[in-house]
């Protein structure tokens with residue numbers, strides 16, 4: 001992605017930490033939460049890799065198509081499950097956004113250095129704008145929902161720290177914020 005190196009490294013740290021937490025959440029006792037946490041861990045680590053500043057690392061030519069393929073495959077289970085809940089639809093949109101960003105990076109004019117982008121023409125491309133609107137709305141709605149859940153988190157039911165809904169929402173919120181930042185640099 002583009003932008004100052006310091007903000008790029010902050011995005012890398014945020015996404016990697018979120019991916020690590022989601023990886024720990026895969027130890028949940030609840031099957032559905034384990035599956036969702038696995039997909040979110042992949043998303044967090046993938047976003048961390050994509051956010052590495054261009055000045056620090058030039059990926060090989062095959063890296064962006066490989067990222068697109070990985071996230072297209074990761075989106076297939078979400079595509080099947082999207083009919084059953086909004087969380088699955090969010091995972092599908094997130095995987096689609098990652099595929100879009102990887103394809104954009106692979107096909108942009110400056111992609112010879114692995115970090116090209118297609119700016120310079122009039123305005124934001126329609127897919128980028130639509131994804132930005134979705135993720136900004138998601139951040140706002142999830143942020144508002146996070147406050148009440150945190151207030152009832154200590155109800156003493158004995159749920160493990162990986163099964164707490166406010167932590168899962170905070171994880172998704174941080175990845176959505178990072179996605180907004182990444183889309184703004186496209």
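Since every read-out is calculated from the coordinates, none of them should be taken as a lab result. Keep in mind that this is a model prediction, so the values were computed, not measured. For neighbour counting, all protein chains shown are included, and Cβ atoms are generated from backbone atoms with ideal geometry for every residue, glycine included.
Computed packing ranks the peptides 91-103, 23-35 as 91-103, 23-35, most packed first, by mean other Cβ atoms within 10 Å.
Summarising the label geometry, the points placed 7 Å from Cα in the beta-carbon direction at residue 32 and residue 70 lie 2.8 nm from one another. Shown is the FRET efficiency for residue 140 and residue 49, computed with R0 = 30 Å from the Cβ-Cβ distance and rounded to the nearest 0.05: 0.65. Computed from the C-beta positions of residue 10 and residue 79 and an R0 of 35 Å, the FRET efficiency is 0.65 to the nearest 0.05.
The ranking of 64, 9 by Cβ neighbour count inside 10 Å, starting from the fewest, reads 9, 64. Would you please give the FRET efficiency between residue 108 and residue 17, computed as 1/(1 + (r/R0)^6) with r the Cβ-Cβ distance and R0 = 45 Å, to the nearest 0.05? The calculated FRET efficiency here is 0.95.
Compare the peptides 139-145, 46-52 by average per-residue count of other Cβ atoms within 10 angstrom and give them in order, highest first.
46-52, 139-145
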